[in-house]
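Undergrad: Here it is, the structure, as structure tokens.
Just so it is clear, none of the values below were taken in a lab; they were calculated from the coordinates. Remember, predicted model here, so these are calculated numbers, not experimental data. Glycine gets a Cβ as well: all are built from the backbone with ideal geometry, and neighbour counts include every protein chain shown.
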Amino acid sequence: MSDSALEEQTFAPLQEGVRTNFGKGRTFRQIGKTVVFDGHRNLKKLISMILINTLFVSLFVIINMLREYNPPEATDYVVSYLSFFSFLILITAILFGGSIIVEDFEKQTGNLLFPKIERGRLMVGRYLARIALASISLTIYYVEVALLTYINYETVPVIMWESLGWAILYLHLVLSCVVLMSALLNRIATAQVASLLVLLMVSQIVTEILMFTGSTIEPLFLPTYYSNIISAWFNMPDPRFGERPAFGFEGVSDRVFRSWATPSAEGAIIGVIIYSAILLVSAYLIYHRKQAKT
Amino acid sequence: MTDNIFNENTVVVRFSNLTRRFGNFTAVSNLNLEIHEGEIVGLLGPNGAGKSTTMKMMAYLIRPSEGDIFIRHNGKLERLTNNNKDFLLDRFGFLIENPAFYDNVTPRQVLSYFAELRGYPTKSTRKRVEDVVAMMGLSEWIDKKISTFSKGMRQKIGILSTIVHDPQVVVLDEPSTGLDPKAQVEIRGFLLKLKEMGKTIFISSHLLYEISEVADTVAILNHGQLVAYDTVETLEAKAKKSIIQLELFPNPNGQVQDVTTHLAQLISPLTGLEPQKNLIRYNGNTRAFEILFDGNPEHQVQILKTLTGNNFNVSDFSVPRAGLLEDLYLSLVQEGGNVQNE
């Protein structure tokens, strides 16, 4: 930096009246700027996720071709593409949400950022950016399936867009879980792996335990349970649970094992809203107190 | 603070009995300090003295256990609280500890984001970012990914992030740590330029030279306590000693001890100080003799005349600002350490 270069620069002080609004307007402005900045920063993840989605769709196309059988109804055809969709949502949430809080402590990027924006606003802005990108990724999967359905059946069932709505609602819940993990743990990779373990294995184990203990309680407290409505919505079962008699050991043969298929629409909406609110508020409280390692 | 141009109305930041405890450990204890408009205040102290904690409290990243920070707004000093931190701190730029960036963004993106977070008008942001980047001589890098930058360049972008929203006060926590000498000189030049623009600068460092070259006022912190706070000149006067750096030609390699003894015999009576050990010493790193004296310019001239009159080939005879403060700093830090140990 030469003196002459310095001298050439003229910096008229900013008139304080020109500085943009304070108060609530400031909050929305900062959140908006964060959405744009973080959205731009995560575009590569969106492209990666779109590629993964397309790969999944391609695999299902190949499977359907090998079977040489297409279901008679277009809705059944769409459902055939949703077998692993809840897992895909999980991967999407982990990819977009795993770093949301922990990255500023792991990479120490918070040193510059935290003096400029309150952490709550930063978290809201980032959450909105990432859920928007993740939703776009899921929507593209549905669009690809819709295209294939149109090619095969010359129609696209409207109900599949309602199913997409449930998928995005479930994404919100899973992303909230991942955000909490990101607040709790100190590394991005750890947060991602822990999220996967908790949401896949722990939920599955609890489901099995509930079933074999003969519990009749609907497992609305299990995040993964809400994923069932995405494909069940095409043909909601009534009742929403199945029962089968126990077998094997003496003394349990008179008991009935209940297996819940899907939450109701009302249950899913209320459950997801309450559950994700608890998770996100917990994540914020941890984030608010979290200090960088120096 | 002894300079007459500063008064109550020029105070932009005041720390009042500021204390921060972490469990039983007191990181900052009863800190009282005033920063005046347009001055550069250096916060000196060894590692762990409480410098970063002080700056984090100023940025409201951590809250004081006791005491308050007051910031001037609309002509009066307002206590910094959770409710007013947003608009009070708009006029501040902070560089706390290492500046780390997201690798996949460019200086233009990240600086625009930071400027707008702090209320800089969107329509003027683009030009402002280009101007400040040009000021650091990094225009050609403005649209390159930060992942390709050297540590020095990242540090410069970090410093730019503190001024991009045009703050009144710039707070820098060890801005030159880990940089090569050229980058350190550039950053010092940049700070002086900011001062010319009327910015108030609060800079912490454990590098005495860095502070003494730019600061008008120096605060020395040790074990969380303020052990000295005044202008550089007044601190020197308080120390009642300064250092002359003397280089001879040719350098007396192998005869350092003899030359030191000879110099001591000639010069000791002229230093204005009580006879003591190490009044004259040889610094192997700088290959220069260091002469302790009372800072009186008359004695300085007499010493030089005596040296030349006794056929010493003097190639350098200077009183570096850092040298003036060094002994005071070390003695204060040492005293603090002893007190702590007791």
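Undergrad: How big is the protein assembly as shown by Rg and Dmax over its Cα atoms, in Å?
TA: Every Cα atom of the protein assembly as shown included, Rg and Dmax give 33.2, 116 Å.
Undergrad: Could you pull out every one of the lysines with an alpha carbon less than 20 Å from that of residue B:305, ignoring same-chain neighbours closer than 8 positions?
TA: Qualifying lysines at Cα under 20 Å: B:241.
Undergrad: Calculate the FRET efficiency for residue A:286 and residue A:213 from the Cβ-Cβ distance with a Förster distance of 41 Å, rounded to the nearest 0.05.
TA: 0.80
Undergrad: A further question on this structure: Applying the Karplus parametrisation 6.51 cos²θ - 1.76 cosθ + 1.60 with θ = phi - 60° to the phi angles of the range B:198-210, what ³J(HN,Hα) value in whole Hz is obtained for each residue in order, glycine and proline being reported as x?
TA: Values, residue by residue: x, 6, 9, 10, 10, 10, 10, 6, 9, 8, 4, 4, 4 Hz.
Undergrad: Working from Cα positions, state the angle (0 to 90°, nearest 10) between the long axis of helix B:321-341 and the longest principal axis of chain B.
TA: So the helix axis and the longest Cα principal axis differ by about 80 degrees.
Undergrad: Where is the GNM fluctuation largest for chain A (alpha-carbon springs, 10 angstrom cutoff): A:190, A:213, A:224?
TA: A:213
Undergrad: Another one. Hey, what did the range B:8-236 get for relative contact order, percent, Cα under 8 Å, at least 6 apart?
TA: Relative contact order here is 29 percent.
Undergrad: Picking from B:109, B:276, B:184, which is most flexible by a Gaussian network model of chain B using Cα springs under 10 Å?
TA: Largest GNM mean-square fluctuation: B:276.
Undergrad: What Kirkwood hydrodynamic radius do you get for chain A when you take the inverse of the mean 1/r over all pairs of distinct Cα atoms, in Å? Mind showing how you got there, number by number?
TA: On the way: mean 1/r = 0.0457 Å⁻¹.
Here the Kirkwood hydrodynamic radius works out to 21.9 Å.
Undergrad: Pairs B:145/B:182; A:44/B:85; B:56/B:195; A:44/B:199: which are spaced more than 30 Å apart, C-alpha to C-alpha?
TA: On the way: B:145/B:182 23 Å; A:44/B:85 35 Å; B:56/B:195 22 Å; A:44/B:199 40 Å.
Pairs exceeding 30 Å: A:44/B:85; A:44/B:199.
Undergrad: To continue, here is another question. In terms of modelled amide H atoms, which long-range or inter-chain residues lie less than 5 Å from the amide H of residue B:228?
TA: HN-HN under 5 Å from residue B:228: B:220.
Undergrad: Which of the peptides B:111-121, B:290-300 is most tightly packed, and how do the rest follow, going by the mean number of other Cβ atoms within 10 Å of each residue?
TA: B:111-121, B:290-300
Undergrad: With +1 assigned to the C-beta of every Lys and Arg and -1 to the C-beta of every Asp and Glu, and no other charges, what is the dipole magnitude of chain A about the Cα centre in debye, to the nearest 20? Walk me through the numbers on the way to the answer.
TA: On the way: 23 positive and 22 negative charges, 232 e Å.
Taking the Cα centre of chain A as origin, the dipole is about 1120 debye.
Undergrad: Sticking with this structure for a sec: Using the count of nearby Cβ atoms within 10 Å as a rough guide to exposure, how do A:130, B:287 rank from fewest to most? Intermediate values should be presented prior to the final figure.
TA: Values: A:130 27, B:287 13.
Lowest count first: B:287, A:130.
Undergrad: Taking every eigenvalue of the Cα gyration tensor of the range B:152-268, multiplying by 5 and rooting it, what semi-axes result, largest first, whole Å?
TA: Details: eigenvalues 254, 77, 32 Å².
So the three semi-axes of the range B:152-268 are 36, 20, 13 Å.
Undergrad: Ok, one more. Mind sorting A:159, B:203 by how few other Cβ atoms lie within 10 Å of their own Cβ, fewest first?
TA: On the way: A:159 14, B:203 26.
Ranking A:159, B:203 by Cβ neighbours within 10 Å, fewest first, gives A:159, B:203.
Undergrad: On to the next question. Scan around residue B:288 for amide H atoms under 5 Å from its own, H built in the peptide plane at 1.01 Å from N, and keep only partners 5 or more places away or cross-chain.
TA: B:283
Undergrad: Right, something else. Apply the Karplus parameterisation 6.51 cos²θ - 1.76 cosθ + 1.60, with θ equal to phi minus 60°, to every residue of the range A:160-169 and state each ³J(HN,Hα) to the nearest whole Hz, in sequence, with x for glycine and proline.
TA: Values per residue, Gly and Pro as x: 5, 6, 5, 4, 4, x, 5, 4, 5, 5 Hz.
Undergrad: Then there is this: Skipping prolines and chain starts, which residues have an amide H placed within reach, meaning under 5 Å, of the one on residue B:78, given they are 5 or more residues away or on another chain?
TA: It is B:71, B:72, B:73, by chain and number.
Undergrad: Continuing with the same structure: By per-residue mean of other Cβ atoms within 10 Å, what is the highest-first order of B:189-198, B:55-64?
TA: Working: B:189-198: 16.8, B:55-64: 21.5.
Sorting B:189-198, B:55-64 by mean packing, highest first, produces B:55-64, B:189-198.
Undergrad: Separate question: Across peptide B:93-99, how many C-beta atoms of other chains are within 10 Å of each residue C-beta, on average?
TA: Working: counts 2, 5, 3, 7, 6, 6, 4.
Counting other chains' Cβ atoms within 10 Å and averaging over B:93-99 gives 5.
Undergrad: Output wanted: per-residue J couplings in Hz (rounded whole) for the range A:226-234, from phi through Karplus 6.51 cos²θ - 1.76 cosθ + 1.60, θ = phi - 60°, x for Gly and Pro.
TA: Going residue by residue, I get 5, 5, 4, 5, 4, 8, 5, 4, 5 Hz, with x marking Gly and Pro.
Undergrad: Nearest-5 percent of antiparallel DSSP beta bridges in the protein assembly as shown?
TA: Details: 41 of 59 bridges.
The answer is about 70 percent antiparallel.
Undergrad: Under a GNM of chain A (C-alpha, springs under 10 Å), which listed residue has the highest mean-square fluctuation: A:29, A:119, A:187?
TA: Evaluated over chain A, the most mobile residue of the options is A:29.
Undergrad: When the helix-only estimate is applied to chain A (DSSP H runs of n ≥ 4, each -39,500 (n - 2.57), divided by the residue count), what is the mean residue ellipticity at 222 nm, nearest 500 deg cm²/dmol?
TA: Details: 13 runs with 188 residues, N = 294.
Using -39500 (n - 2.57) per qualifying helix, the result is -21000 deg cm²/dmol.
Undergrad: Helix A:119-153 versus the longest principal axis of chain A: what is the Cα-based angle in degrees, 0 to 90, to the nearest 10?
TA: Result, in degrees: 40.
Undergrad: What's the angle, to the nearest 10 degrees (0 to 90), between helix B:297-309's Cα axis and the longest principal axis of chain B?
TA: That works out to roughly 50 degrees.
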